[in-house]
1. Within the range 1-50, work out how many residues are modelled with pLDDT under 95, over 16 Å from the mean Cα position of the chain (by Cα) and in a loop (DSSP other than H, G, I, E, B).
2. Within the group 185, 156, which residue is within 20 Å of residue 112 (Cα to Cα), open to solvent by less than 20 Å² (accessible area, probe 1.4 Å) and among the aliphatic types (A, V, I, L, M)?
3. With the requirement that a residue be small (Gly, Ala, Ser) and either surrounded by 15 or more Cβ atoms within 10 Å (Cβ to Cβ) or in contact (Cβ under 8 Å) with a residue 60 or more places away in the chain (or both), what does the range 46-64 give you?
4. So which residues in the range 141-192 are of a type in the set (Val, Ile, Thr) and either modelled with pLDDT under 95 or farther than 24 Å from residue 6 by Cα (or both)?
5. Kindly state which helices (runs of 4 or more DSSP H) lie completely within the range 114-225 and contain at least 2 residues that are under 14 Å from the mean Cα position of the chain (by Cα).
6. Anything in the range 70-98 that is among the polar types (S, T, N, Q) and in contact (Cβ under 8 Å) with a residue 12 or more places away in the chain? List them, or say none.
7. Looking at the range 94-120, which of its residues are crowded, with 21+ Cβ neighbours inside 10 Å and touching a Gly at 6+ places or on another chain (Cβ under 8 Å)?
8. Based on this model, can you work out whether residue 201 counts as touching a Lys or Arg at 6+ places or on another chain (Cβ under 9 Å) and touching a residue at least 12 places away in the same chain (Cβ under 8 Å)?
Amino acid sequence: MPITMGMDSSGPTLLVCASDGAKSWSLHHTGIKQEQFLLPLTDKLLGKAGAELKDVKKIFIVRGPGRFTGIRISLTFASMLRSLNGTQVCGATLFEIIRRQAQASRAFEGWKRENPSGVLAVVLHAFREEYFLQFFDDRNEGPVWLSKEQLLERLARRKEPLYCAGTDKNGASLVELLGDTCRLAPMADSHVRPQTLLEMAADPAYEKDALEPLYLKPARFELGR
């Protein structure tokens, strides 16, 4: 039975999901030392599908940004499957995944009709008072790792209406951080959904550079930008 897997280990919650083409399953585990839980969680997931590791024909991973060790976990696991099984590897950044979810929503479609010149921005908490940012328009400014002050300045610099998707500390809403400076995406579109990973696995565009991690420089190195 050919199985497609999805995996996100870039943040504090390890997410694994799988599909046999007809049904899908997902599991998650929150906590440190994700490497200790990856294989048991994967075995449990595949058990639900009645499958084994050798049945995984494709895997979609999150390439970053996020915790260095967390990103390496997914990259190493996907590399192992490719070497042992010939598993096809696909991958995308968190920015691309959240963008896909936001742009597919009715909320964004309605906002875009009202604001045809508007720009989608993905904002994600990085570490302490620092954030990841990428804009999606003709300029595609970013991705960057910024301090809170730099982030707010970058957003204020844009003259177009902004639609912001993403999460603050501990997966919370961006409302306290951004207030009414932009239109906020629904929370359901701002967290990685298992189904999104499985859908993106079917897109050949994400096969290129699938094992290339996105490691961004911390905010202190971005001061001159």
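1. 4
2. 185
3. 49, 51, 64
4. Within the range 141-192, 144, 175, 181 qualify.
5. Helices (runs of 4 or more DSSP H) meeting the threshold: 187-190, 194-200.
6. Residues satisfying the conditions are 74, 79, 85, 87, 88, 93.
7. Answer for the range 94-120, where residues must be crowded, with 21+ Cβ neighbours inside 10 Å and touching a Gly at 6+ places or on another chain (Cβ under 8 Å): 94, 95, 98.
8. The answer is yes for residue 201.
The values are calculated or read from the model by the stated rules, or taken from the named source; none is laboratory data. Computed from a predicted structure; not experimentally measured. Every residue, glycine among them, receives a Cβ derived from its backbone with ideal geometry; neighbour counts consider all protein chains shown. These accessible areas exclude ligands, DNA and RNA; they are computed on the full protein's heavy atoms, side chains included. Shrake-Rupley method; radii C 1.70, N 1.55, O 1.52, S 1.80 Å.
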